[in-house]
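Below is one structure, written out as structure tokens; the observations come after it.
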Amino acid sequence: MAKRIEVSDLNIYYGNFRAVEGVNVSIEPRSITALIGPSGCGKSTFLRSINRMHEVIPGARVEGKVVMDGVDLYGADADPVDVRRQIGMVFQRPNPFPTMSIYDNVAAGMRLNNKRMKKADLDDLVERSLKGANLWNEVKDRLDRPGSGLSGGQQQRLCIARAIAVEPDVLLMDEPCSALDPISTLAIEDLMTQLKERFTIVIVTHNMQQAARVSESTGFFNLNGVGQPGRLIEFNPTEKIFSNPEQKATEDYISGRFG
Amino acid sequence: MSTQTTPTPSDTSVAAPEPRGRKGRLPGWAPAATFLAAAVVCLLFEAFTDFNLALAVVYTVVLGTIAVYLLSRSVEGPRQAVDRLVTCLVGSAFAIAMVPLVALVWTVVGRGVTRLDGEFFGSSLVGIVGEGGGAYHAIMGTLIITLLTTLISVPIGLLTAIYLVEYGRGRLKRSITFFVDVMTGIPSIVAGLFAFALFALFFGPGIRLGIMGAVALSVLMIPVVVRSAEEVLKLVPNELREASYALGVPKWRTIVKVVIPTSIAGLGTGVTLAIARVVGETAPLLITLGITNGTNLNPFDSRMATLPVYAFYQLTQPGVPPQFAIDRAWTAALLLIILVMGLNVVARLISRFFAPKTGR
Ligand SMILES: Nc1ncnc2c1ncn2[C@@H]1O[C@H](COP(=O)(O)OP(=O)(O)OP(=O)(O)O)[C@@H](O)[C@H]1O
Ligand SMILES: [Mg+2]
């Protein structure tokens, strides 16, 4: 079930360093939202604060509200573990579990949470997830081999399969295609368009064509200078951002006149 | 390339294979031959003065090193010569480091095999004054005490390491790390006295129990386990923990099911080496266990024999004639060395066997 996410007045800190400030945005359900912006402007930081992965880093904290379908994710009674069960994540660098086979990696969400499942159901789930991540054909005869024996791009798709296997409501993807060839990239983009029927997807990308191709809305992050916090400069439907942006900075960035 | 060469240095057909001028290369056997020659010279020299083999070896190494350096410098140039010189120095340092090890193994094996027989493994010292007898009671004692020590130290050590790496923050973490470091340096006799004093409080000063020895050895083993486990747990990449959290897995289950399995090879190796570290401890066992001649397999009841203490008493209080007891001491020492070597082999096997598998 896809969910709407409302972010208001979000400030994100690493210790005393304010990395991102004043984000207000509403992320639509059943859509793909792309986040673009120069390196170091806080896209990953913002993304990680949506599913409370940010606070895993020592000293990291967040001010403000992230509300998903009326529930404040940072409220006093919100449990970060529950939040992460609903909001899955694919990381910038592929990180399959090295001790587990391909099969176990995909089943990890179920196994690690001690969910009891019939073997046949689990087999089915693994196959569905791997097909969903467009990896099934490449690995179906070696499901029992270690996941770390795959190529970088295959590992990333394995991580996507692992994330969608737990059926989250929202899927956060941090540059999921940065390690992939054009064909796998297209496959993942197709995959995202299929997945948005069921999930809300937020994707960070440096590839503007990709943002233009897949997303409904786009947010542009920027920072004024080194050591300054990043800000969400503009958030608009993708067509508008790429054809007729409101902000000068957005236009400069998109047309490559940045910096 | 043609065999005909012109003497001009600018000729490219000559310069091509050795672009840095026409420096030669010493053949592979040259250093060995040089050392052989040096050895012959030194042996002759020693033979004419009063002969001393150790001095001859030292002279050979020094002379050989200098000769190789000079030879290489004249043929191959200064850079290669320095390379050869350092190779000789490193080789000599290695040889010097090996001397005590080889000598020790040589002596212990040579003297220990005399009594490496069935009787040594099968019988205790009850009723033995001179010949015969064995160390069955001491072998069993060492195994039992080591097992108990492991059972006490591994859970405490592993949990401490997990706390330090996964949960610890701020001052508490720093003070625990500090005290673990201090514990690493505790002299083993102090650990023995600690256990002795602790149990004497409850049972009176004459008390000797197997469990006392295990407690004393644990004081020595826990910091070793903590240190090695901490290093290994730190090596687990944070990305794996984050991958697990992102699947909605709670922290403790991430530790149990992701962090520990990923580092199990290193943990197993560390624990095994920590066991090897304490298995030969003598001083604390001397105070806490004492020695007996009979077999006692119950660590909660009276004195027990262990191999190091057994060796100590056989050597310091032999019977008449003393030679039989001294032979038994050497065999006990040999067994200890075999035990430590075995543990090291086990550690290697563990790290090979449990290491995360890559490849297709
Ligand atoms: N673990 C951390 N501790 C302290 N500061 C951090 C940490 N991670 C990121 N930062 C800082 O936060 C800011 C935003 O970083 P972030 O990783 O969110 O950038 P990004 O937009 O994702 O960049 P990229 O496109 O290169 O991935 C940067 O200034 C960075 O130095
Ligand atoms: Mg990033």
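Of the residues B:Phe35, B:Phe94, which single one is at pLDDT below 90, in a helix (DSSP H, G or I), within 38 Å of the chain's Cα centre (by Cα) and not assigned by TED's automatic domain parsing to the domain that holds B:Leu307? On inspection, the qualifying residue turns out to be B:Phe35. Residue check: is B:Val61 assigned to a helix (DSSP H, G or I) and modelled with pLDDT under 90? So B:Val61 fits the description; yes. Evaluation of A:Glu63 against the conditions (1) out of contact with any Ser or Thr (no Cβ under 8 Å at 6 or more places or on another chain); (2) away from ligand 1 (no atom under 16 Å from the Cβ) shows that the sole unmet condition is (2).
Going residue by residue through region A:154-172, is there one that turns out to be surrounded by fewer than 24 Cβ atoms within 10 Å (Cβ to Cβ) and at positive phi? Taking every residue of region A:154-172 in turn, at least one turns out to be surrounded by fewer than 24 Cβ atoms within 10 Å (Cβ to Cβ) and at positive phi. With the condition kept exactly as written, say whether any residue in region B:288-304 is in contact with a helix residue (DSSP H, G or I) (Cβ under 8 Å, 6 or more places away or on another chain), in contact (Cβ under 8 Å) with a residue 24 or more places away in the chain and assigned to a helix (DSSP H, G or I). Within region B:288-304, one or more residues are in contact with a helix residue (DSSP H, G or I) (Cβ under 8 Å, 6 or more places away or on another chain), in contact (Cβ under 8 Å) with a residue 24 or more places away in the chain and assigned to a helix (DSSP H, G or I). Of all residues in region A:23-77, which are part of a loop (DSSP other than H, G, I, E, B) and within 16 Å of ligand 2 (Cβ to nearest atom)? Result: A:Gly37, A:Pro38, A:Ser39, A:Gly40, A:Cys41, A:Gly42, A:Asn51, A:Met53, A:Ile57. Can you name the condition, by its number, that A:Pro94 falls short on among (1) over 26 Å from A:Ser178 (Cβ atoms); (2) more than 8 Å from chain B (Cβ to nearest Cβ)? Result: A:Pro94 fails condition (1) only. Among the residues making up region A:11-56, those that are open to solvent by 20 Å² or more (accessible area, probe 1.4 Å), within 14 Å of another protein chain (Cβ to nearest Cβ) and near ligand 1 (Cβ under 10 Å from one of its atoms) are A:Gly15, A:Ser44, A:Arg48, A:Val56. Evaluated against (1) modelled with pLDDT of 85 or more; (2) within 14 Å of chain B (Cβ to nearest Cβ); (3) within 16 Å of ligand 2 (Cβ to nearest atom), A:Val204 falls short on exactly one condition, (2). For region B:266-296, filtering for residues that are crowded, with 20+ Cβ neighbours inside 10 Å and within 14 Å of chain A (Cβ to nearest Cβ) leaves 2. Counting just the residues of region B:165-193 that are within 14 Å of another protein chain (Cβ to nearest Cβ) and part of a loop (DSSP other than H, G, I, E, B), which one comes out least open to solvent (accessible area, probe 1.4 Å)? Only one residue fits best here, namely B:Gly168.
Taken over region B:78-103, the criterion of being closer than 30 Å to B:Arg328 by Cβ and open to solvent by less than 90 Å² (accessible area, probe 1.4 Å) is satisfied by B:Met98, B:Pro100, B:Val102, B:Ala103.
Give me the residue from region A:135-170 that is assigned to a loop (DSSP other than H, G, I, E, B) and farther than 30 Å from A:Arg4 by Cα and, out of that set, farthest from the other protein chains (Cβ to nearest Cβ).
A:Lys140
The values are calculated or read from the model by the stated rules, or taken from the named source; none is laboratory data. Note that the coordinates shown come from a computational prediction; the quantities given were computed from them, not determined experimentally. Ideal geometry is used to build each Cβ from the backbone, glycine not excepted, and the neighbour counts take in all protein chains shown. The protein model used for the area step is the full one, side chains on, heavy atoms only, and it has no ligands, DNA or RNA in it. Shrake-Rupley method; radii C 1.70, N 1.55, O 1.52, S 1.80 Å.
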